[in-house]
Amino acid sequence: MAQQVEQLRADGVHKEVIREGSGPLPDFRDGTKATFHYRTLRCGAEERALDDSRARGKPMELIAGKKFKLPVWEAALRTMRPGERARFRCDAKHVVLYPMVSKSLRNIAAGKDPLEGQRHCCGITQLHEHHSLGYPDLDELQKNPQPLIFDIEVLKVEEPGSYQQDPWAMTDEEKLQAVPLIHKEGNELYREGKVQEAAAKYYDAIACLKNLQMKEQPGSPDWIELDQKITPLLLNYCQCKLQCQEYYEVLDHCSSILNKYEDNVKAYFKRGKAHAAVWNVAEAQADFAKVLALDPSLRPVVAKELRSLEARLREKDKEDKVRFKGIFSQ
């Protein structure tokens, strides 16, 4: 390990051990998965934090040999034992692509598409072509690359074949094969009432297909075929988000579906429910009317939703009268 650390130092990566790990140093051959927490800091007296996986509540996972966009992380992990915590000060040349990596990780944490805004090109091209990453601190770092410090704590290291592979680490063929299985797992979890877990499965399946779709020309037959596989998964995801009361996410996703497929009844229905939940009364009524126009057989279901909305409006009106009466009587 001492030789590896010295090689890192010679290449502009300086390691400082904060807490020793335990056991032998993993060989970290291709396929080995490391699970770790990381904190990214700017160099300087204040060491301002850019990202913190602990704050997001989920550790990072990296699989050796998968050509992760930030090779310095894999190089650093190769010098660490399970349980070890260390700081790595990296010269700017090693972290040029960090803004792109950080954007993807932040999008994942926020429940967004990790590939949002990316095109089928290399990271350096994306770096120069994008005017903004959507995060001011990352835009600044992209414009003015500088050394960064990574505070890394290794939680566990798993040998190849000893763990279930995450979608992002799969080959294209593995992704296509995995989607129906992940979809089925999501449906089973939903039937069991495990809505959050089901949403996570649907999200993983969508991410697999989005990754493949990014490699196709928009509007091409292959792109359209993948999009038609994404749509039912996205609708299932929206159903979970409705139950979790995350209505604005439902509005966004259903609107994106309807921008492409104007006759999607389920998208209108779910968007109508989301509009009703956030008191967009006119929009909810318009969406439910569209549902009836496309599928009159759903009249009983729509009528139930409209009655529920009217009852909530009456209740809200009563509450408002009581509240305003108290204000004006003072």
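The values are calculated or read from the model by the stated rules, or taken from the named source; none is laboratory data. The model shown is predicted, which means the values in this text are computed figures rather than measured ones. FYI the Cβ positions are ideal-geometry reconstructions off the backbone, even for glycines, and counts take in every protein chain you see. For the accessible areas, the whole protein counts, side chains as well, though only heavy atoms, and no ligand, DNA or RNA atoms are used. Shrake-Rupley method; radii C 1.70, N 1.55, O 1.52, S 1.80 Å.
Observations
- Checked against the criterion of being under 17 Å from the mean Cα position of the chain (by Cα) and either surrounded by fewer than 20 Cβ atoms within 10 Å (Cβ to Cβ) or modelled with pLDDT of 95 or more (or both), the candidates Gly123, Gly111 yield just one match: Gly111.
- Listed by first and then second residue, the pairs linking a residue in segment 285-314 that is under 19 Å from Leu258 (Cβ atoms) and of a type outside the set (S, T, N, Q) to a residue that is open to solvent by 70 Å² or more (accessible area, probe 1.4 Å) and in a helix (DSSP H, G or I), with Cβ atoms under 7 Å apart and 6 or more places separating them unless they lie on different chains, are Leu292/Arg299.
- Filter result for the condition that a residue is within 14 Å of Glu153 (Cα to Cα) and either modelled with pLDDT under 95 or in a helix (DSSP H, G or I) (or both), over Arg54, Arg39, Arg81, Arg106: Arg54
- Tyr268 among the hydroxyl-bearing types (Ser, Thr, Tyr), surrounded by 15 or more Cβ atoms within 10 Å (Cβ to Cβ) and part of a helix (DSSP H, G or I): yes
- Residues of segment 193-208 satisfying the condition of being within 15 Å of Pro180 (Cβ to Cβ) and outside any helix (DSSP H, G or I): none
- Sole exception among (1) open to solvent by 40 Å² or more (accessible area, probe 1.4 Å); (2) more than 27 Å from Gly186 (Cα to Cα) for Asp252, by number: (2)
- Filter result (open to solvent by 40 Å² or more (accessible area, probe 1.4 Å), within 24 Å of Glu246 (Cα to Cα) and not in a helix (DSSP H, G or I)) within segment 271-328: Trp279, Asn280
- Selection from segment 33-70 of residues that are within 14 Å of Leu105 (Cβ to Cβ), surrounded by fewer than 16 Cβ atoms within 10 Å (Cβ to Cβ) and acidic (Asp, Glu): Asp52
- Among the numbered conditions (1) more than 22 Å from Gly161 (Cα to Cα); (2) modelled with pLDDT under 95, the only one that Pro24 does not meet is (1).
- Test result for Gly219, open to solvent by less than 70 Å² (accessible area, probe 1.4 Å), out of contact with any helix residue (DSSP H, G or I) (no Cβ under 7 Å at 6 or more places or on another chain) and either over 22 Å from Gln245 (Cα atoms) or in contact (Cβ under 8 Å) with a residue 60 or more places away in the chain (or both): yes
- The single residue among Leu155, Leu148 that is over 24 Å from Asp227 (Cα atoms) and touching a Cys at 6+ places or on another chain (Cβ under 7 Å) turns out to be Leu148.
- Residue count for segment 170-200 under the criterion of being surrounded by fewer than 17 Cβ atoms within 10 Å (Cβ to Cβ) and touching a residue at least 40 places away in the same chain (Cβ under 8 Å): the result is 4.
- Selected residue (criterion: farthest from Leu306 (Cα to Cα)) from residues of segment 248-277 that are among the β-branched types (Val, Ile, Thr) and under 24 Å from the mean Cα position of the chain (by Cα): Ile257
- Filtering segment 226-233 for residues that are acidic (Asp, Glu), open to solvent by less than 40 Å² (accessible area, probe 1.4 Å), under 26 Å from Leu212 (Cβ atoms) and under 26 Å from the mean Cα position of the chain (by Cα) leaves a non-empty set.
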